[in-house]
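Below: the structure, in structure tokens.
The values are calculated or read from the model by the stated rules, or taken from the named source; none is laboratory data. None of the values given here were measured: they were computed from a predicted structure. So basically every Cβ, Gly included, is an ideal-geometry build from the backbone, and we count neighbours across all protein chains shown. For the accessible areas, the whole protein counts, side chains as well, though only heavy atoms, and no ligand, DNA or RNA atoms are used. Shrake-Rupley method; radii C 1.70, N 1.55, O 1.52, S 1.80 Å.
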Amino acid sequence: MGDDKEGLPVFFVGNLQQFHDLPAAFGVKISGGLIGKHHRRRIHQSPADGHPLLLAAGELVRQVVLPAGKIQGGHQLSQSILIDLLPVHQDRESDVFRDNEEVVNCIMDSNDLERERGITIYSKNCSVIHNGVKINIVDTPGHADFSSEVERIIRTVDTVILLVDASEGPMPQTRFVLSKALEIGLKPILLINKIDKKDQRAEEVVDEVYELFLDLNANDEQLDFPILYGVAREGRVQYDLKTPSDNIDPLFDTILKHCDVYPDMDEEPLQMQVSALAYDEYIGRLGIGRLYSGVLKQGQQYIRCNQSGLNAKESLSKLFVYKGLSRTSVPEAHSGDIVVIAGMPDISIGDTICTADHVEPMEHIEIEEPTLSMNFHVNSSPFAGQSGKYVTSRNLKERLEKELEVNVGLKVEPTDSADCFKVSGRGELHISVLIENMRREGYELAVSKPEVILHKDENGHKVEPIEEVVCLAPEEYSGTIINKLNLRKGVMQDMSEENGYVKIVYTAPTRGLLGFRSEFINDTHGEGTLVRRISGYEPYKGEIAQRMEGAMISTETGEAMTYALWNLQERGQLFISPQTPVYEGMIIGQSSKNIDLDVNPLKNKKLTAIRSSGRDEAMLLTPPKIFSLEEALEWINDDELVEVTPDAIRIRKKGLTALDRRNLYRQKMNAQ
């Protein structure tokens with residue numbers, strides 16, 4: 001194997017803010033480059049190639065209710081190439097960037113949507129050289145909605161670095177990625193971050209982490225984990241609280257001591273399993289995975305074993321390994337490395353690549369079942385086709401089928417209508433990311449209210465997904481939060497108070513939590529933090545009330561007038577501003593009463609030849625509420641749709657006219 005022998009993987013668990021604070025000292029240079037349609041940075045490795053080490057990082061999403069944004073930390077690139085923790089210093093030291101090159105943060109968040117939301121959505125790979133050791137980095141999402149990504153990628157790594165805030169302690173979402181890592185026997189390393197905080201309680205946090213490991217049924221070997229302390233933004237990691245350090249070397253020294261090098265399995269029969277897919281405009285579909293044994297060579301023929309038992313003989317046209325953030329073509333790859341292969345047009349996630357004389361498919365990758373579904377409709381509003389490029393059912397079907405090739409956690413099913421498809425995923429975020437990507441690609445569609453997928457247990461009883469909800473908010477809002485969660489069939493598990501903030505832990509059905517996040521933000525005036533995770537299935541909890549307020553529905557098509565909106569704002573909260581195009585059946589606001597109101601937003605003040613003795617009253621409008629995609633999906637009821645186009649997000653009734661709405665209501669009542 002020579003200088004390219006592969007090493008061991010490491011996996012990171014923590015939240016996004018912590019990841020973007022954690023630097024590393026690798027001594028590499030970065031220049032601009034592209035991977036397909038995703039922007040990235042290319043890392044030029046130092047000449048010293050040694051025994052490679054696989055380092056994988058998973059993160060937990062920053063909840064949208066957090067008051068603070070992403071922390072931009074780090075100093076030089078040599079302090080900041082560890083997974084998705086890639087904040088870059090703004091002074092261009094050591095010629096890291098060209099003078100005319102834009103310096104960006106979060107280098108591995110290559111997708112625009114990832115940068116905007118501050119989360120990792122798609123798993124990505126890169127590699128670096130540290131002290132003669134090649135370290136392959138696999139960055140995966142940590143949010144439970146993207147569990148299919150984690151469940152596939154985590155198999156390619158060998159160790160876990162659990163990053164925990166010295167003040168907050170382990171967060172509920174930390175359980176998800178850590179539990180997946182412990183299930184397959186990975187041995188963790190604990191790093192307590194932000195020990196420079198005034199309210200740091202590192203020793204207590206270590207005890208909390210031990211409790212978390214015990215709750216997740218960690219074995220004795222996993223419980224015997226090394227503990228490190230550090231301040232990631234300053235590039236400091238130390239062995240204990242009393243021994244200061246000015247670099248991150250203790251972390252890497254611990255990794256090398258704690259993990260065994262991947263064994264030399266070049267002489268064993270070839271086995272490579274595909275854990276991710278990509279696409280290149282010139283060479284087509286790409287399969288990404290770890291080479292567990294044997295040597296893979298470019299230009300040779302191999303057997304591809306898929307999950308249905310079909311063995312196909314196909315040629316390997318291109319072979320790549322990761323050097324920095326770029327893919328580098330190589331003639332052969334050795335056991336333990338993460339490789340990218342081309343030339344197999346039908347390759348899919350979970351496929352095993354073997355030699356013809358030793359066909360042995362690897363174990364099937366089990367993916368958790370979807371918990372939520374939505375109906376994707378062809379956009380049938382009067383404004384359909386005005387801004388979108390792809391508007392037909394054929395366009396919609398082809399795009400969803402394309403998504404299924406790389407998003408194995410998604411399910412698409414036909415419905416009774418040719419213009420509607422049922423799309424199921426792991427959560428609201430999982431499906432809303434797909435919708436947002438389609439919107440940016442030029443698609444128009446209408447989406448129904450999310451529905452929880454119910455199951456039946458072995459006794460035939462109906463069960464539904466249950467989530468653990470952790471709310472952290474000022475004490476004065478605790479009563480409102482408790483009341484709202486009780487109405488949503490929630491059960492309190494714990495409540496504690498510290499420094500004027502109260503921490504409330506509930507378990508509640510996923511059905512009841514749809515739409516709760518926006519209410520929580522309003523109730524806590526943006527000062528609260530909400531974290532959710534699926535904890536299991538429990539018996540069906542019964543009916544849960546939907547939105548209590550009605551909708552203001554436009555009866556006309558045209559441009560909204562200031563005079564009409566000025567009169568309507570007394571009846572509720574508006575969603576549009578003057579001169580906004582509206583159509584019949586479009587929802588323009590929320591009624592303050594529990595009834596739908598048919599209103600005319602086009603009505604203007606009548607002009608007469610007689611002037612009033614006094615001046616006209618100034619028409620001052622309250623700023624309208626502008627929905628994001630997730631907020632719109634949370635707000636709608638069963639008889640409403642979210643219309644998604646490249647330039648607008650609108651809310652409408654399924655029946656655009658009053659007659660259509662009456663007919664749909666009668667059909668619903670007759671069906672019951």
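Name the residues in the range 529-569 that are part of a strand (DSSP E or B) and open to solvent by 60 Å² or more (accessible area, probe 1.4 Å), would you?
Step one: of the range 529-569, the residues part of a strand (DSSP E or B) are 529-539, 551-554, 558-559.
Passing the criteria: 535, 537, 538, 539, 559.
Please go through the range 281-297 and pick out each residue that is in contact (Cβ under 8 Å) with a residue 24 or more places away in the chain, open to solvent by 30 Å² or more (accessible area, probe 1.4 Å) and either not aromatic (Phe, Trp, Tyr) or not in a strand (DSSP E or B) (or both).
Scanning the range 281-297 gives 281, 283, 285, 295, 297.
Are any residues in the range 215-253 modelled with pLDDT of 85 or more, under 29 Å from the mean Cα position of the chain (by Cα) and within 12 Å of residue 161 (Cβ to Cβ), and if so, which ones?
Matches in the range 215-253: 225, 227, 228, 230, 237.
Look through 368, 398, 363, 405 and report the one residue that is in contact with a strand residue (DSSP E or B) (Cβ under 8 Å, 6 or more places away or on another chain) and either acidic (Asp, Glu) or under 30 Å from residue 292 (Cβ atoms) (or both).
Sole residue among the options that is in contact with a strand residue (DSSP E or B) (Cβ under 8 Å, 6 or more places away or on another chain) and either acidic (Asp, Glu) or under 30 Å from residue 292 (Cβ atoms) (or both): 405.
Starting from residues that are within 16 Å of residue 627 (Cα to Cα) and among the aliphatic types (A, V, I, L, M), keep the ones in the range 513-540 and report whichever is farthest from the chain's Cα centre (by Cα).
Applying the filter and picking the extreme gives 521.
In the range 298-333, how many residues are open to solvent by less than 30 Å² (accessible area, probe 1.4 Å) and in a loop (DSSP other than H, G, I, E, B)?
Adding up the residues that qualify gives 3.
State whether the residues of the range 451-460 include one that is at pLDDT below 90, more than 23 Å from residue 631 (Cα to Cα) and in contact with a Gly (Cβ under 9 Å, 6 or more places away or on another chain).
No; the residues of the range 451-460 include none that is at pLDDT below 90, more than 23 Å from residue 631 (Cα to Cα) and in contact with a Gly (Cβ under 9 Å, 6 or more places away or on another chain).
May I ask you to list the residues in the range 627-645 that are out of contact with any strand residue (DSSP E or B) (no Cβ under 8 Å at 6 or more places or on another chain) and modelled with pLDDT of 90 or more?
Hit for the range 627-645 is 645, nothing else.
Where the second residue is assigned to a strand (DSSP E or B) and open to solvent by 10 Å² or more (accessible area, probe 1.4 Å) and the first is farther than 23 Å from residue 361 by Cβ and lies in the range 256-277, which pairs have Cβ atoms under 8 Å and are six or more apart or on separate chains?
Between residues of the range 256-277 that are farther than 23 Å from residue 361 by Cβ and residues that are assigned to a strand (DSSP E or B) and open to solvent by 10 Å² or more (accessible area, probe 1.4 Å), the close pairs are 256/133; 258/187; 259/187.
Can you find, within the range 570-602, the residue that is least open to solvent (accessible area, probe 1.4 Å) among those that are of a type in the set (S, T, N, Q) and touching a residue at least 24 places away in the same chain (Cβ under 8 Å)? Walk me through it before giving the result.
First, pick out the residues of the range 570-602 that are of a type in the set (S, T, N, Q): 573, 577, 579-580, 590-592, 594, 600.
In the following step, the residues that additionally are touching a residue at least 24 places away in the same chain (Cβ under 8 Å) were identified as 573, 577, 590-592, 594, 600.
Working: 573: 80, 577: 50, 590: 38, 591: 2, 592: 86, 594: 105, 600: 62 Å².
Filtering the range 570-602 for residues that are of a type in the set (S, T, N, Q) and touching a residue at least 24 places away in the same chain (Cβ under 8 Å), the one least open to solvent (accessible area, probe 1.4 Å) comes out as 591.
Among the helices (runs of 4 or more DSSP H) confined wholly to the range 170-254, which include 3 or more residues that are buried (at least 20 other Cβ atoms within 10 Å of the Cβ)?
Of the helices (runs of 4 or more DSSP H) lying wholly inside the range 170-254, those with at least 3 residues that are buried (at least 20 other Cβ atoms within 10 Å of the Cβ) span 174-183, 202-215.
Do we have residue 479 as at pLDDT 90 or above and of a type in the set (Gly, Ala, Ser) here?
Judged against the criteria, residue 479 is a match.
Quick check on my filter: what residues within the range 417-465 are among the small types (Gly, Ala, Ser) and in contact with a helix residue (DSSP H, G or I) (Cβ under 7 Å, 6 or more places away or on another chain)? Show your work before the answer.
Within the range 417-465, the first condition is being among the small types (Gly, Ala, Ser), and the residues that meet it are 417-418, 424-425, 427, 432, 442, 446, 448, 460.
Residues satisfying the conditions are 418, 425, 427, 432.
Do we find a residue being surrounded by 19 or more Cβ atoms within 10 Å (Cβ to Cβ), charged (D, E, K, R) and either modelled with pLDDT of 85 or more or touching a helix residue (DSSP H, G or I) at 6+ places or on another chain (Cβ under 8 Å) (or both) anywhere in the range 653-668?
Yes, the range 653-668 contains at least one residue that is surrounded by 19 or more Cβ atoms within 10 Å (Cβ to Cβ), charged (D, E, K, R) and either modelled with pLDDT of 85 or more or touching a helix residue (DSSP H, G or I) at 6+ places or on another chain (Cβ under 8 Å) (or both).
Being surrounded by 14 or more Cβ atoms within 10 Å (Cβ to Cβ), assigned to a loop (DSSP other than H, G, I, E, B) and either at pLDDT below 90 or within 30 Å of the chain's Cα centre (by Cα) (or both) is the requirement here; does residue 615 meet it?
So residue 615 does not fit the description; no.
Name the residue that is farthest from the chain's Cα centre (by Cα), counting only residues in the range 405-418 that are surrounded by 15 or more Cβ atoms within 10 Å (Cβ to Cβ) and hydrophobic (A, V, I, L, M, F, W, C).
Per the stated criteria, the residue is 412.
Kindly indicate which of 373, 432, 424, 381 is hydroxyl-bearing (Ser, Thr, Tyr), open to solvent by less than 20 Å² (accessible area, probe 1.4 Å) and part of a helix (DSSP H, G or I).
Matching residue, one of 373, 432, 424, 381: 432.
Filter the range 255-280 for residues that are open to solvent by 70 Å² or more (accessible area, probe 1.4 Å) and assigned to a strand (DSSP E or B) and give the result.
279
For residue 399, indicate whether it is touching a helix residue (DSSP H, G or I) at 6+ places or on another chain (Cβ under 9 Å), open to solvent by 10 Å² or more (accessible area, probe 1.4 Å), of a type outside the set (Phe, Trp, Tyr) and not in a loop (DSSP other than H, G, I, E, B).
yes
Residues 350, 336: which one is over 30 Å from residue 454 (Cα atoms), among the small types (Gly, Ala, Ser), part of a loop (DSSP other than H, G, I, E, B) and open to solvent by less than 40 Å² (accessible area, probe 1.4 Å)?
After ruling out the rest, the residue left standing is 336.
Where in the range 439-499 are there strands (runs of 3 or more DSSP E), lying fully within it, with 2 or more residues that are open to solvent by less than 40 Å² (accessible area, probe 1.4 Å)?
In the range 439-499, the matching strands (runs of 3 or more DSSP E) lie at 445-448, 462-474.
What pairs can you find where one residue is in the range 538-566 and without any contact (Cβ under 8 Å) to a residue 24 or more places away in the chain, the other is in a loop (DSSP other than H, G, I, E, B) and open to solvent by 50 Å² or more (accessible area, probe 1.4 Å), and their Cβ atoms are less than 8 Å apart, with a gap of 6+ or different chains?
Correct list of pairs: empty, since none qualify.
Would you mind finding the one in 430, 455 that is under 27 Å from residue 385 (Cα atoms) and touching a residue at least 40 places away in the same chain (Cβ under 8 Å)? Spell out the reasoning first.
Numbers: 455 fails: under 27 Å from residue 385 (Cα atoms).
Of 430, 455, the one residue that is under 27 Å from residue 385 (Cα atoms) and touching a residue at least 40 places away in the same chain (Cβ under 8 Å) is 430.
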